[in-house]
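Here the structure is laid out as structure tokens; the discussion comes afterwards.
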Amino acid sequence: MATWAVGVDLGRKGAHVAVLADDKGQQSGPAVSFSTSIEELDRVRSELCARAPKGTELVFVMEPTPTWRPVAKYLKACGHRVFLANQSQASSLRSLIKRHAKTDRLDALTLAKLPSVCPEAVRPAPLPDDPRWEMLRWGVKREYKLSRLIADLVKSIKEAAEECIPGVADLFPEPERPLDNLVYREYCALGRHRGMTVKRLLEEIRARLGRPLKPEEALRVKKLFSLAQHALKLHGRLAPATSAIADAIGEDLCFLDRLNAEQERVKRENYVLYRELDEKGCVMSLPGVGKTLAPVFLAVAPAVAYMTSNKQLRKFSGYVPRVDNSGLKEGKGQSMTKAGPAWFKRGLYLASDAGRKRDPQLARVYRRAMVEKGFPHKKALCEVAVRLSDRLFRVLKDNRLYELRDAEGNPVSAREAREIIRAKYAVPEEVRARLRRRKKHKRGSSDERDAALRHLPAMLTPSGQKGSTEAAPRSTGPKRVGEILAEHLGPEFFARLAASAEHSQFTIAQAHPATLSVAATGEIPEDGQGTRSSLAESTSAPIKLQREPASAAFKPQATEELQPTVPVEDTTAPDGFQHGARASKTSGEAYDSPGPYGHRPSFPPSAGPDAISAQPSWLDPVVAFGSAREATAPPGPDLPRGRDRPQ
């Protein structure tokens, strides 16, 4: 018997559209529009059946939109098979058919072609006959929604309390606890802390709780007092405004109490349904699964009934990585697909964290992920979740209880399993500290991960060489400054300065007391006269200008007074070496000496009776030893200026 597919594009607000395609994927007849009513559905069925040859089976393919269940239930009751399409794959096929078009008819045609093009992209719609399965699924979704609302509300309460008293959220992190709830409800308004003492605050909280405080609780209350007094100084005259924030926190706490009560009621109803549908307690025998998560795992049983392998459940959970292998490329470390319902992924994650502490096989997977693969805690739990989904698939398929076994496959008791985990598969604390991505200490302190790295052996780098786990220290001492100057200015520069120092020590000493040692060693001494500036600051520092009286204007000495007493033939500058120009003979003019990169300083013209004199900075080695170069060698050729200067 031939099978023709009917693609149904469901509309949330508008009409639905159906397109019939034959066994080759070709459209048969025009599209049909209809609404969600029995009369319209019967009309569409009769019209489409009339187009197909006699004896042809019609199967309906639709996407899992919020409106698919009423239509699918009626079609199934009429004897038709209903399939759900993968939305991402359907979208890709639609882009292949017509890349720049999207209409309701095109979407329906794509769904009708999908079974013949890619049969793996469709799956039977999970529509069990027992209504309790539907009630369980909605109960699980409600519990997940309430948990999300509670988490968002708790975050909002703590943020509002931080606005009143900075640091109170770290001191009282759980508003559901009695002491934390009392602090958020009564003591977030700073008006309550004005004129308060530590003894009085302890007595009030003890009386409101109706029991004596534990030592740890009393210590937190004392810290609350100090935080509140500090907050009073921070807010100042605006401290009374925190009463409005405290009122809002009180309303949120009342809403939080109602949400918690409703969540507990939904959990009880879900557990009752679970006990009715799973009389043997097979799902609850899994490690890490209790009264809250057992209904979550049982709710996927209708979908697992149509699966043929555990890989399909892995794909449904979304905890499998993407695949990126092509040619010689092997893409590792890909992100997870994150497909499937969020409530099921949350249940797997929570059960994995608890199950690794009870099942030796799951504990071995967790330890290998952290110790050998270097995964952080959350990523290692995702790998455990994949193994837990395999166990869930087998338990649901075989309808049997789960048995704890060791790594060799031998059955063990719960007590023996915990002993094996403690002896063989415990993760060292230094490994956790090294892989931890969140700071463990309070605000303002250093990360424990950095401290733990210093006590671990050096790890292998990708090249195979051992690399240190510590960051290289940054040095700004005189030795390091000398190395930087020698690296950027070249050895010829310091060799020239050293030769100049041997022939004209008196002239160099007049420039600055520390210049002789700099010229000889290439290092700036750390004696109060050196510098710790960077290379960019020391070699390109502009010449400082000072306005002095006319009597103190700069008057350079005559060149004859600076002549050395030794010959200068042995100190001839190499070809291409740049020297500074001689000092100007005119009083009041500055040196026309280029900097280390060929830049020449410009000076404003002198005005009035005062003359502007240039004070060469000894931080610039070329300017500092200009007199020595004049005394030992003739000036070299000038380099081009600006953009014409060679790079």
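The values are calculated or read from the model by the stated rules, or taken from the named source; none is laboratory data. Remember, predicted model here, so these are calculated numbers, not experimental data. As a convention, Cβ positions derive from the backbone with ideal geometry for all residues, glycine included, and neighbour counts pool all protein chains shown. Heavy atoms of the whole protein, side chains included, go into the accessibility calculation; ligands, DNA and RNA do not. Shrake-Rupley method; radii C 1.70, N 1.55, O 1.52, S 1.80 Å.
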The rounded separation in angstrom of the Cα centers of the range 308-326 and the range 97-129 is 21 Å
Simple SL model, points at 7 angstrom along Cα→Cβ for Lys338 and Arg208; separation in nm is 4.0 nm
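Given Lys141/Lys267; Lys280/Lys397; Lys73/Lys397, which pairs have Cα atoms separated by over 21 Å?
Listed pairs above 21 Å: Lys73/Lys397.
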For the range 1-136 (alpha-carbon point model, no solvent) the Debye-based log₁₀ I(q)/I(0) at q = 0.13, 0.17, 0.22 Å⁻¹ works out to -0.51, -0.88, -1.48
Convex hull around the C-alpha positions of the range 62-111: the volume in Å³ per residue is 78 Å³
Per residue, the convex hull enclosing the alpha carbons of the range 377-431 has a volume in Å³ of 99 Å³
Taking protein heavy atoms only, a 1.4 Å probe, and rounding to whole percent, the accessible area of the range 249-318 owed to carbon and sulfur comes out at 52 percent
Over all Cα pairs of the range 336-395, the Kirkwood radius sets Rh, and Rg/Rh then becomes 0.96
Applied in sequence order to the range 236-252, the curve 6.51 cos²θ - 1.76 cosθ + 1.60 (Karplus, θ = phi - 60°) yields integer Hz couplings, x standing for Gly and Pro, of x, 6, 8, 4, x, 5, 6, 5, 5, 5, 5, 5, 5, 5, x, 5, 5
Between the alpha carbon centres of the range 139-216 and the range 357-419 the gap in Å comes to 38 Å
Under the Karplus relation with 6.51, -1.76 and 1.60 and θ = phi - 60°, whole-Hz ³J(HN,Hα) for the range 314-321, x at Gly and Pro, equal 4, 5, 5, 6, x, 8, 9, x
